[in-house]
Structure formats: C-alpha cells, structure tokens
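Engineer: Let me give you the structure first, and then I'll get to my questions.
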Amino acid sequence: MKFFIDTANLNEIAEAQALGVLDGVTTNPSLMAKEGITGAANILKHYVDICNIVDGDVSAEVIATDFEGMVQQGEELAALHPQIVVKLPMIAAGVKACKYFSDKGIRTNVTLVFSVGQALLAAKAGATYVSPFLGRLDDISTDGLGLIAEIRQVYDNYDFKTQILSASVRNTMHVINCAKIGSDVMTGPLSSITGLLKHPLTDSGLAQFLADYQKGNK
Ligand code: E4P
C-alpha cells in the first residue's frame, strides 16, 4: 500500500520523506488555507515546492466547478510539474473533466467520494485515483472502511485500474485496516504514519539491550 501524506505543511512533508516511506502528497484548498497559502501565484509555487521535496504523486485540486474552468485550471496545474495529479470533485463536471484528462494522458484524483456508485463513475471516467473519505463517514456514524471494502470488490470484479486512495484517514488503525482491505493508497496526517512505529515492548526491549551492553562494556 502506498503512503501519501495529507498536508500542505512543507516541514511535515520533509519529515515523512526523510523517514523513507512516503509515496506522495495530497492537498486540498482547506489544507492550503491552513498553511496561510493564498493567491493563485503563491498556491502554484507551493505545489512546485512540494514536488521538489517528495518523490511521488502530488494531488493539486481545481477550484472551478464548471467543465471549462476545470479543464483550464487542470491543464495549468498539470503543466507545473510531472508529479502533479489533477484533483477533481465528484460532480458531473468533475467526471466529464476526468474523462477529458484521462483521454489526454493527464493523471487525475477524483475526490469527495462517499458511495460505491460515485467510485464506479470515477473508474468509468478513467480516474487514476479515487478518494473515498473514510474518516468523514465515520464522523457521521457510517462505516467508512465498509465503503472501501465495497469499492475494492467492485473494482476487482471488473479489473478497473483506478487506484483506491483511502482519504480522510485519521489514525493508525485506519491505516492498518485500509491495508487489510487492500486499499492501494492511504492518505493521512504525519501522526497516522509515525504512530505505526510505536510499541511499548520495542521501547522496553531496546532499553534492556542498551543497559545490558553498557554492563558488559564498562
Ligand atoms: C483527501 O484528499 C482530503 O484532502 C482529506 O483526506 C480530507 O481529510 P479530512 O476529512 O481529515 O479533512
């Protein structure tokens, strides 16, 4: 399973990249705003800065909600850097733009997916990635992981090449369960990746090994 980090924070991206397990980055307009990145020129520059830190795909989201606007913005984003993937919302214009970009060989990530039917449409339109938001479904007492499993089944039934990018991942158990289900990618905060390191028996075992070494090598 690929690990993407879901942030526009350059320090966090660099930290995840340095760990050696990062496969890409997802951003969205809210994450950009959180980092204080505003204005078209600054936003475009920030995408390039991210691409220069990470080896792998970087999702950059269009703001337009009409087909023509999505095509214009998506082409501008795709031209920024070879690692850019154009992120499109799951609305009719987004599906149409997804088909347009996939026919042109430009990679896409269809976002804000909350149902199997939406995931089926994204795959039919040739999306590179589909992003079901499992955390936001869990937030409203709906089974987010269940949705990922259903999408996996449908995609496998027809051998769709669209990769399932489990998004809105919030914690380490989300990551582990996505891996068990066979999600192709997960995207979450840095803590959902570094949290996988932690086990008290690792800490106590290492402390014991070091103490025993010290005793024998005074
Ligand atoms: C996906 O690409 C989104 O950026 C993201 O995963 C949303 O997560 P949130 O529900 O934690 O905002």
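FYI, it's all coordinate maths here, none of it is from the lab. Quantities reported herein were computed from a predicted structural model and do not represent experimental measurements. Don't worry about glycine lacking a Cβ; one is built from the backbone with ideal geometry, like all the others, and counts go over all protein chains shown.
Engineer: Going through the stretch 78-100 one residue at a time, which ones are in contact with a helix residue (DSSP H, G or I) (Cβ under 7 Å, 6 or more places away or on another chain) and either over 20 Å from Pro132 (Cα atoms) or within 16 Å of the ligand (Cβ to nearest atom) (or both)?
Structural biologist: Within the stretch 78-100, Leu80, His81, Gln83, Ile84, Val86, Leu88, Met90, Gly94, Cys98, Tyr100 qualify.
Engineer: Something else now. Criterion first (of a type outside the set (A, V, I, L, M) and either within 15 Å of the ligand (Cβ to nearest atom) or crowded, with 17+ Cβ neighbours inside 10 Å (or both)) does Gln118 satisfy it?
Structural biologist: For Gln118, the condition - of a type outside the set (A, V, I, L, M) and either within 15 Å of the ligand (Cβ to nearest atom) or crowded, with 17+ Cβ neighbours inside 10 Å (or both) - is met.
Yes/no matrix, rows are residues, columns are (1) in contact with a strand residue (DSSP E or B) (Cβ under 7 Å, 6 or more places away or on another chain); (2) assigned to a strand (DSSP E or B); (3) of a type in the set (D, E, K, R):
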site: Gln153; (1), (2), (3): no, no, no
site: Asp156; (1), (2), (3): no, no, yes
site: Lys161; (1), (2), (3): no, no, yes
site: Leu165; (1), (2), (3): yes, yes, no
site: Arg170; (1), (2), (3): yes, no, yes
site: His174; (1), (2), (3): yes, no, no
site: Asn177; (1), (2), (3): no, no, no
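Engineer: Oh, and also: Tally up the residues in the stretch 131-183 that are of a type in the set (D, E, K, R) and within 14 Å of the ligand (Cβ to nearest atom), please.
Structural biologist: Matching residues across the stretch 131-183 total 4.
Engineer: Gln83 fails exactly one of the following numbered conditions: (1) touching a strand residue (DSSP E or B) at 6+ places or on another chain (Cβ under 6 Å); (2) without any contact (Cβ under 8 Å) to a residue 24 or more places away in the chain. What is the number of that condition?
Structural biologist: With (1) touching a strand residue (DSSP E or B) at 6+ places or on another chain (Cβ under 6 Å); (2) without any contact (Cβ under 8 Å) to a residue 24 or more places away in the chain applied to Gln83, the lone miss is (2).
Yes/no per residue for (1) under 25 Å from Ser166 (Cβ atoms); (2) not in a strand (DSSP E or B):
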position	(1), (2)
Phe4	yes, no
Ala8	yes, yes
Glu15	yes, yes
Ser30	yes, yes
Thr38	no, yes
Ala41	no, yes
Tyr47	yes, yes
Ile50	yes, yes
Ser59	yes, no
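Engineer: Here is a further query. Which of the residues that make up the stretch 32-55 are surrounded by fewer than 17 Cβ atoms within 10 Å (Cβ to Cβ) and within 16 Å of the ligand (Cβ to nearest atom)?
Structural biologist: If the condition is that a residue be surrounded by fewer than 17 Cβ atoms within 10 Å (Cβ to Cβ) and within 16 Å of the ligand (Cβ to nearest atom), then Ala33, Lys34, Glu35 are the ones that fit.
Engineer: Within the stretch 13-21, can one find any residue that is within 15 Å of the chain's Cα centre (by Cα), on the phi < 0 side of the Ramachandran plot and within 16 Å of the ligand (Cβ to nearest atom)?
Structural biologist: yes
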